[in-house]
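Visitor: One structure, pasted below without further comment.
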Amino acid sequence: MTKGIEIKDLTVGTGAEATKESVVVANVREFLRRGDEVSHSPLFGARNIMDLGRRECIAGLRYGIPGMRIGGIREILISPHLAYGNAGIPGLIPENALLWCEVELLEIRPHSGLLSQDWLPGKALTLSHHQKAKEQQQDWAFTMHESGNSRLTLKQTSLADQRKKLIWSQISILLNAEESAELIRQALDLPKQIPAACVEWNSGFIDMQKGGSVIKDNRTGARCMVLHIRDSGTDICLIGVHEDSPKFLNSPFYQAIERLIRPHLGADPA
C-alpha cells in the first residue's frame, strides 16, 4: 500500500482489473474532510477518463485505482501531498486538503480519447476571454450546463522571483435550469442578432495568435471572445465575438454573464 492513501472497497467488481498502466473511465466524487463535496465538471459531471500510467490525475487516484475491477466501488482517503498539495485549487479545494474520493470503475479503454457518451447529455456553453501574457487582466472561461451547474475558471500570470508562474482558480456558480437554458438560447441567437460582431470559427477569418492566447478577426483586427456551445458533446456553435462590440456588451446574454462573474474577477472582464 502506498503511504499517504487508505482504500476501502464498498463493492468488489466482477469485470476486468485495472493496472497501473490502464486507461480507466470512472465516476469520481471528491469530498473534503468536513464532508463538503467538490463540485463536478459542467461538461462531464463526475465522469473522468484517466491514463493511470501518465500524470493526468492526482497521484492518490493513480495509486488507489489499480486493483479495482469494472463495476467496483472504492473509497480512497488521500493525503494532501498525493492530492492537490499546499496550493489546492483556489475557490474549489483549500490548501493542504485531505481528500476523500468515492470511485466507481466503469470501463477500461485502449485510449484516453473522449467518446460521445463521456459528455453530459444536454447543452453546455463556454464563453472565454484571453489576454496577452504581458497584460495584467485575467484570462477567464465561464462554462455552464443547461442543468445549472456552472464554473468560472481564472488564469493569471504572476512574476515571482523573476519567473513567470501561472495561477489557476475555479469558482462554482449555481444557476437554476430555467436561467441556464435561457442564457444558452440567447447565445445561440447572437449570430442572427449581431452578425457583424460574430465570426464563424471555420470561416477563415479567425486569427489565433501563438499559443492561442489572443483571438482576432483578421478582417478588422478586432479581438474576440470565444463562444462554444455543445449538445451532448457535439459542437452546435463555435464563434468569435468582437469583445469591443457595444451590441454584444449590452446584450442581455453578456450582461447576465458579467453579473455572474464580475464579483470573482480581479479586473474588468471586458
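Visitor: Roughly how big is the chain's charge dipole about its Cα centre, with Cβ charges of +1 (Lys, Arg) and -1 (Asp, Glu), in debye to the nearest 20?
Guide: Numbers: 31 positive and 32 negative charges, 152 e Å.
Here the size comes out at about 720 debye.
Visitor: Along the positive direction of the dipole of the chain (beta-carbon charges: Lys, Arg +1; Asp, Glu -1; about the Cα centre), which of PHE253, VAL28, TRP201 reaches farthest?
Guide: The listed residue farthest towards the positive side: TRP201.
Visitor: Any idea what angle helix 252-261 forms with the longest principal axis of the chain, computed on alpha-carbon atoms, 0 to 90 degrees, nearest 10?
Guide: 50
Visitor: If packing is taken as the mean number of other Cβ atoms within 10 Å per residue, what is the order of 100-109, 178-187, highest first?
Guide: Values: 100-109: 19.8, 178-187: 17.8.
Put in order of decreasing packing, that is 100-109, 178-187.
Visitor: From the phi angles alone, apply the Karplus equation (6.51, -1.76, 1.60; θ = phi - 60°) to region 34-42 and give each ³J(HN,Hα) in whole Hz, x where the residue is Gly or Pro.
Guide: Each residue of region 34-42 in turn: 7, x, 5, 8, 6, 5, 8, 5, x Hz.
Visitor: For region 54-142, what is the charge dipole size about the Cα centre, in debye to the nearest 20, if Lys and Arg each add +1 at the Cβ and Asp and Glu each add -1 at the Cβ?
Guide: On the way: 9 positive and 9 negative charges, 56 e Å.
For region 54-142, the charge dipole is close to 280 debye.
Visitor: Order these by the 10 Å Cβ neighbour count, fewest first: CYS57, CYS224. Could the numbers behind the result be given before it?
Guide: On the way: CYS57 17, CYS224 28.
Exposure proxy ranking, most exposed first: CYS57, CYS224.
Visitor: In the structure displayed, which of LYS8/LYS155; LYS155/LYS216; LYS123/LYS216 lie more than 28 Å apart, Cα to Cα? Working shown, then result.
Guide: Details: LYS8/LYS155 36 Å; LYS155/LYS216 20 Å; LYS123/LYS216 26 Å.
With Cα atoms farther than 28 Å apart: LYS8/LYS155.
Visitor: Something else about it: Give the residue list of GluC sites (Glu not before Pro) in region 8-65 that are DSSP loop and have at most 13 other beta-carbon atoms within 10 angstrom. Let's see the in-between values first.
Guide: Details: sites: GLU17, GLU21, GLU30, GLU37, GLU56; in loops: GLU21, GLU56.
For GluC sites (Glu not before Pro) across region 8-65 that sit outside H, G, I, E and B with at most 13 neighbouring Cβ atoms in 10 Å, the list reads GLU21.
Visitor: Please give the FRET efficiency for ASN176 paired with SER232, using the beta carbon to beta carbon distance and R0 = 22 Å, rounded to the nearest 0.05. Each step should come with its number before you reach the end.
Guide: On the way: r = 21 Å, r/R0 = 0.95.
The value I calculate is 0.60.
None of the figures in this text is laboratory data; all of them are computed from the coordinates on show. This one's a predicted model, so the numbers in the text were calculated from it and none came from an experiment. Because the Cβ atoms are built from the backbone with ideal geometry, glycine has one as well, and the counts that use them run over all protein chains shown.
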